[in-house]
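Participant: Could you have a look at this structure, given as structure tokens, before my questions?
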Amino acid sequence: MLKVAKKINIITLGCSKNVVDSEQFAVQASMAGFEVVHNLDEIDFNIAIVNTCGFINDAKEESINMIFQLVNLKNSGKLEKIIVFGCLAQRYMNELKAEIPEVDVFCGNYDVSELLNLIEADFDKKHKYDRILDSPGHYAYLKIAEGCNRQCGFCAIPLIKGNYVSRAKSDILEEAQVLASKGVKELIIIAQDISYYGYDIDKQLHLPELIEELSKIKDIKWIRLHYLFPFLFPESLLDIIANNPKVCNYIDIPLQHISDNILKKMKRGATKKQTLELLSKMRQKLPDATFRTTMLVGYPTETEEDFNELLEFISEFKFDKLGVFTYSEEEGTSAAKKYTDNISEEVKNHRADILMERQREISLSLNSLKLNQTLRVIVDDFDGDMYHGRSQYDSVEVDGEVVFTSDVDLVAGEFCDVIITSYDEYDLFGEKK
Ligand code: SF4
């Protein structure tokens, strides 16, 4: 068993789902008497515990670079132990063990008891639902499931995380209660795919009722939904978003593409017609909602026609927020097995640039419609001069901000009304009313 020192740095890479795992482990480690820091820049600690990402090449590189930085610290005697877990380790366990022997332990997917065992600590049941938040404290991610039952051709997540497992509703509600008691006002609902919640249990889609129950928690003011999926979609959710004042008018629904030729080859399960029907139903029920999506360009065999169809689609639909990825071949995925990665990096990047340039124009014109509007804003931060916050139309880290002045002092997590006086393609600017 490891002779452990007292200061642990939990280094979290990758997605918001990793953040939740690290936050849960942090509270358990601190209950076991360790001083816990959760910080990429910290250099004074005895044990490094790295939560890695193994989704796509860039993310893998970032995780491996971080591990080597820690190996250098260890080799220079500034660090005693390195423990690596998460998606990269789950996916490449044997290769990593062989190539980086300086790492003391590689663990696969997050398992709190396994990690605690490595630092000779026991799971503290009293703090089962507790977390040390890696955020300012007024918002928190709430993970409702793990794994994925979709078969998207480009995606390695089902290979890493396995099949979809919904968390028990009672556990999710307990955790939300604990978060609310810690001052969290905004819950950001996440999973690989939240639309599917409950379907693995009884072939019913239970997300709508879960959201309704979460909204009954008094101190929770905003509930934001991330990672909706366009196929097997719980349509009654739209009425809840429309009628429940706590549920943000915010639709995050990664679509990846729109041409049937590519959607079919991506095995997305939804056709162009089904996608357009769902989106128009959403717009009818939620005319004021913000739409966020991500697109993937350069998928094997993507033709100029497929790409132009995608460009035309985003130009017509006008998403408020759009992220673009270029296809990266991931071994073990059905796309890697079936197709040659035949689109050059140059063409992939060129197509991504064209989409982002079009989106910049769209975001600018959509933000101009917010001029002179009054928005309810949650305060995130004060930079000594301006307050930074978000309306229900902006999520943390991935979207723009509302940057504003105030003649009274405000604190993070406070809500206020801001009148919008100017804008650019990302942010809105204003004054507190
Ligand atoms: S929905 Fe598709 S892209 Fe998302 S995690 Fe599942 S397989 Fe991957």
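Participant: Find the centroid of the Cα atoms in segment 107-154 and in segment 348-362, then give the distance between the two in whole Å.
Facilitator: Taking the Cα centre of segment 348-362 as reference, the centre of segment 107-154 is 35 Å away.
Participant: Provide, in order from the shortest bin, the percent of all Cα-Cα pairs of the chain in each 20 Å bin, continuing until the bin that contains the maximum pair distance.
Facilitator: Reading the bins upward from 0: 24, 57, 20, 0.
Participant: Something else: What share of Cα pairs, in percent, lie more than 25 angstrom apart in segment 139-368?
Facilitator: 44 percent
Participant: Using only Cα positions of segment 7-127, each an equal point scatterer, no hydration layer, compute I(q)/I(0) via Debye at q = 0.16, 0.19 Å⁻¹ and quote the log10 values to two decimals.
Facilitator: These q points yield log10 I(q)/I(0) values of -0.69, -1.00.
Participant: While we're looking at this one, here's another question. Under the rule that a partner needs its Cβ under 4.7 Å from the first Cβ, which Cys of the chain have none?
Facilitator: Isolated Cys, the chain: Cys15, Cys53, Cys87, Cys107, Cys148, Cys248, Cys416.
Participant: May I pose another question? For segment 374-432, what are the per-bin percents of Cα-Cα distances with bins 10 Å wide, up to the bin holding the maximum?
Facilitator: 26, 64, 10
Participant: Quick one: of Lys218/Lys321; Lys185/Lys318; Lys272/Lys348; Lys17/Lys221; Lys161/Lys264; Lys272/Lys318, which pairs are farther than 20 Å apart, Cα to Cα?
Facilitator: Cα-Cα > 20 Å for Lys218/Lys321; Lys185/Lys318; Lys272/Lys348; Lys17/Lys221; Lys161/Lys264; rest within.
Participant: How many percent of the accessible area of the chain is carbon or sulfur, using a 1.4 Å probe?
Facilitator: Result for the chain: 50 percent of the exposed heavy-atom area is carbon or sulfur.
Participant: Show the residues, 5+ positions off or on another chain, whose built amide H is closer than 5 Å to the amide H of Cys53.
Facilitator: The list, which skips near neighbours in sequence, is Ser63, Leu88.
Participant: When the Cα centres of segment 213-247 and segment 59-101 are compared, how far apart do they sit, in Å?
Facilitator: So the two Cα centres are separated by 39 Å.
Participant: Which value does Rg/Rh take for segment 278-433 over its C-alpha atoms, Rh per Kirkwood?
Facilitator: Radius of gyration relative to Kirkwood radius: 1.08.
Participant: Keeping all protein chains in place, calculate the accessible area per residue for the chain (probe 1.4 angstrom), answer in Å².
Facilitator: For the chain, the per-residue accessible area is 43 Å².
Participant: Also, quick follow-up: Tell me, what ³J(HN,Hα) does each residue in segment 159-164 have, in order and in whole Hz, if you take phi through Karplus 6.51 cos²θ - 1.76 cosθ + 1.60 with θ = phi - 60° and put x for Gly and Pro?
Facilitator: 5, 8, 9, x, 5, 5
Participant: What is the set of long-range amide H partners of Leu142 at a cut-off below 5 Å, with H atoms built 1.01 Å from backbone N?
Facilitator: The answer is Ile188, Ile189, Ile190.
Participant: Counting only residues 5 or more places away or on other chains, whose amide H sits under 5 Å from the amide H of Gly323 once H atoms are built in the peptide plane?
Facilitator: Thr293, Thr294, Met295
Participant: Continuing with the same structure: Would you mind putting 133-141, 267-275 in packing order, based on average other-beta-carbon counts within 10 Å, highest first? Intermediate results must be reported in sequence, preceding the final value.
Facilitator: Values: 133-141: 20.1, 267-275: 17.1.
Highest-to-lowest ranking by the protection proxy: 133-141, 267-275.
Participant: So which lysines pass the test for Lys81, namely a Cα distance under 17 Å, with those fewer than 8 places away in the same chain ruled out?
Facilitator: Leaving aside lysines fewer than 8 places away in the same chain, those within reach of Lys81 are Lys3, Lys6, Lys7, Lys97.
Participant: Okay, moving on. Helix-derived [θ] at 222 nm for the chain: sum -39500 (n - 2.57) over DSSP H runs of at least 4, divide by residue count, nearest 500?
Facilitator: After summing the helix terms and dividing by the residues of the chain, the value is -10500 deg cm²/dmol.
Participant: Per residue of segment 21-31, in order, report the coupling 6.51 cos²θ - 1.76 cosθ + 1.60 (Karplus, θ = phi - 60°) as ³J(HN,Hα) in whole Hz, putting x for Gly and Pro.
Facilitator: Coupling constants for segment 21-31: 4, 5, 5, 5, 5, 4, 5, 5, 5, 6, 5 Hz.
Participant: Follow-up question, since we're still on this one. Each residue of segment 222-238 in order: what ³J(HN,Hα) in whole Hz does its phi give by Karplus 6.51 cos²θ - 1.76 cosθ + 1.60, θ = phi - 60°, with x for Gly and Pro?
Facilitator: Listing the rounded values in order: 10, 10, 10, 9, 10, 6, 6, 10, x, 10, 6, 9, x, 4, 5, 4, 5 Hz.
The values are calculated or read from the model by the stated rules, or taken from the named source; none is laboratory data. Small disclaimer: the values here were computed from a predicted structure and weren't measured. Here Cβ is always computed from backbone atoms with ideal geometry, including for glycine, and neighbour counts include all displayed protein chains. These accessible areas exclude ligands, DNA and RNA; they are computed on the full protein's heavy atoms, side chains included. Shrake-Rupley method; radii C 1.70, N 1.55, O 1.52, S 1.80 Å.
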